[in-house]
Amino acid sequence: MSWVEVAPALPVAGTFTYSASDRVTVGHVVLVPFGPRKVTGYVVGHPSTPGANPKRIRPVDRLLDPEPAFDPAQLRFFRWMAEYYRSPLGEVIATALPSAMKASTRTVYSATDAGVEALAQREPEDDDAEVLRELINRPRLTRRALSRRLKDLVEQPEKPLDRLVRRGWAEGEQEEVGGRRSLHKV
């Protein structure tokens, strides 16, 4: 296991340290945890020591391509561009690479069996029932999609959704969006 310096494809300054196998090299495009989701990141270095407590460093989720997407000379150019244009390194690299190299995750929601049973017994009321019906009819909706679908029926559907999740009547699951669907675990 080694440390890798990753520039996420996000509007954030700096790079972040992750743990990865020794086969991950500079130029690899990886999927990394960033907050509650996973985003595309670009390996831009191998620090000799982690900058944070090693126990708190999260692992790279997986490689998005087994071959590096850029070489050290291109990385030097990307770093120059990031500095010259005062832009985050990850965004500079993301702009330079094909869109097929980018991936992220989103949370999708569905009703649970307990939620279906509760609705059949008329337990949820008003807005909660409307949100639950929508999740049963159209599973795997994002918060945004749910809000759009219920905009005329429920004011702020996020609140009933959160209540349904707390009660175990709905659940969220991470779903990968974009990028190559490779299975190169790190």
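A few points about this structure:
- Among the protein heavy atoms of the chain, carbon and sulfur supply 49% of the accessible surface, probe 1.4 Å, non-protein parts ignored.
- Segments 78-85, 135-142 sorted - mean Cβ within 10 Å per residue, highest first: 135-142, 78-85
- Beta bridges by DSSP in the chain, antiparallel share as percent, to the nearest 5: 95 percent
- Relative to the longest principal axis of the Cα atoms of the chain, helix 158-167 runs at roughly 80 degrees.
- Order by protection proxy (mean Cβ within 10 Å, highest first), peptides 56-69, 26-39: 26-39, 56-69
- Mean sequence separation of contacting Cα pairs (under 8 Å, at least six apart), scaled by the length of region 36-186, corresponds to a relative contact order of 35 percent.
- Karplus-derived HN-Hα couplings along region 140-145 (A = 6.51, B = -1.76, C = 1.60, θ = phi - 60°), whole Hz, x at Gly and Pro: 6, 8, 7, 4, 4, 5
- Percentage relative contact order, region 2-95, counting C-alpha pairs under 8 Å, at least six apart: 36 percent
- Mean separation of Cα contacts under 8 Å, 6 or more apart, over the residue count of region 1-57: relative contact order %: 40 percent
- Area accessible to solvent at residue 70, 1.4 Å probe radius, in Å²: 10 Å²
- For mean projected area of the Cα convex hull in nm², the value calculated from this model appears in (i) 13.8; (ii) 8.8; (iii) 13.0 under label (iii).
- Accessible area in the full protein assembly, largest first, 1.4 Å probe, for 19, 87: 87, 19
- Of the GluC sites (Glu not before Pro) in region 111-177, the ones in a loop by DSSP (not H, G, I, E or B) with at most 13 other beta carbons within 10 Å are 125, 155.
- Inter-part distance where region 91-166 and region 27-57 are each reduced to a Cα centre, Å: 29 Å
- Computed [θ] at 222 nm, deg cm²/dmol, the chain (DSSP H ≥ 4; -39,500 (n - 2.57); rounded to nearest 500): -9000 deg cm²/dmol
The values are calculated or read from the model by the stated rules, or taken from the named source; none is laboratory data. Note that the coordinates shown come from a computational prediction; the quantities given were computed from them, not determined experimentally. Glycine also receives a Cβ, built like all others from the backbone with ideal geometry; neighbour counts cover every protein chain displayed. All accessible areas refer to the heavy atoms of the entire protein, side chains included, with ligands and DNA or RNA removed. Shrake-Rupley method; radii C 1.70, N 1.55, O 1.52, S 1.80 Å.
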